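S.K.: Here it is, the structure, as structure tokens.
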Amino acid sequence: HRDVNLRVIYGPSQSLRKQIEEGAPVDIFLPSLFEEIDQLEAKGLIIQGTKRTFAATSLVLITGTTLPAPVSSIQDLQTTPIHRIAVGDPKTSSVGKVAAQFLKYSKLEPKLKSQYVLGEHSRAVLELVAKGEAEIGVVYRTDAVPNSAVRILDTAPVASHTPIRYGVAVAWTAQNISAAGDFIEFLLSHTTQTLLEDLGFDHVSPEAGVPQREEVKP
């Protein structure tokens, strides 16, 4: 598409959604939270049939590479004492909300809550673990994979939290619906999906745009 001039607008997902609601000339919407697309869809503000999942990730338990924790799995947390666990603040981060779901589901919250060290976002959690200020942490796999200062210990069960997925849709204000559709197909192509997998994302089916992940430990 040499004739297509691509302009990328960055910003918080909620702010971008509000701009689309107000009629901003946007062709494609790629928010960090899939729910932002759902909100637009509920108001009839995306082109019908264009909402897809183009990427997904999982929640993982990590430790530092220099000061590793005395555990090797989520199961070990039931019996092995942990002094400090870094988690995202549920009030300020999506990873914190998902981590809270996982810890409650795993019945670890009562045992570990007094050891929580809250990070404002996923990068803050990574830094706490990398610097040894927390023995373990809970983050998205996509944040842990490229960070050489941390190591993945285990993966949270799929059923323990809401799906962590990234969506895309064509906005109602789109001026080039055909090119927007081609871009979505590009995101779901084998080439792009392979690149995303290398970065820690889960494989997504190009037919349905639904994440496909085996429940295995890293």
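S.K.: Suppose the filter is of a type in the set (Val, Ile, Thr) and under 27 Å from THR192 (Cα atoms); does VAL8 pass it?
M.R.: Judged against the criteria, VAL8 is a match.
S.K.: Follow-up question, since we're still on this one. Can we say LEU77 is more than 20 Å from THR155 (Cα to Cα) and either surrounded by 12 or more Cβ atoms within 10 Å (Cβ to Cβ) or outside the structural domain of ALA130 (by TED's automatic domain parsing) (or both)?
M.R.: no
S.K.: Would you tally the residues in the range 47-66 being outside any strand (DSSP E or B) and either under 24 Å from the mean Cα position of the chain (by Cα) or closer than 30 Å to GLN175 by Cα (or both)?
M.R.: Residues flagged as outside any strand (DSSP E or B) and either under 24 Å from the mean Cα position of the chain (by Cα) or closer than 30 Å to GLN175 by Cα (or both) within the range 47-66 amount to 7.
S.K.: A further question follows. Just the residues that are closer than 22 Å to THR155 by Cβ and surrounded by fewer than 18 Cβ atoms within 10 Å (Cβ to Cβ), please, taken from the range 34-68.
M.R.: Answer for the range 34-68, where residues must be closer than 22 Å to THR155 by Cβ and surrounded by fewer than 18 Cβ atoms within 10 Å (Cβ to Cβ): THR65, LEU67, PRO68.
S.K.: Further question on the same structure: Of all residues in the range 155-172 being out of contact with any Leu (no Cβ under 8 Å at 6 or more places or on another chain) and of a type outside the set (A, V, I, L, M, F, W, C), which is farthest from ILE20 (Cα to Cα)?
M.R.: Looking at residues that are out of contact with any Leu (no Cβ under 8 Å at 6 or more places or on another chain) and of a type outside the set (A, V, I, L, M, F, W, C), I get PRO157.
S.K.: Next up: Tell me, which residue of the range 98-128 that is in contact (Cβ under 8 Å) with a residue 40 or more places away in the chain and not β-branched (Val, Ile, Thr) is nearest to VAL150 (Cα to Cα)?
M.R.: LEU126
S.K.: Which of the following residues is more than 27 Å from LYS18 (Cβ to Cβ) and touching a Phe, Trp or Tyr at 6+ places or on another chain (Cβ under 8 Å): ILE136, ILE85, ILE74, ILE152?
M.R.: ILE85
The values are calculated or read from the model by the stated rules, or taken from the named source; none is laboratory data. From a predicted model like this one, the values you see are computed outputs, not experimental measurements. Quick reminder, even Gly has a Cβ in these numbers, built from the backbone with ideal geometry, and neighbours come from all protein chains shown.
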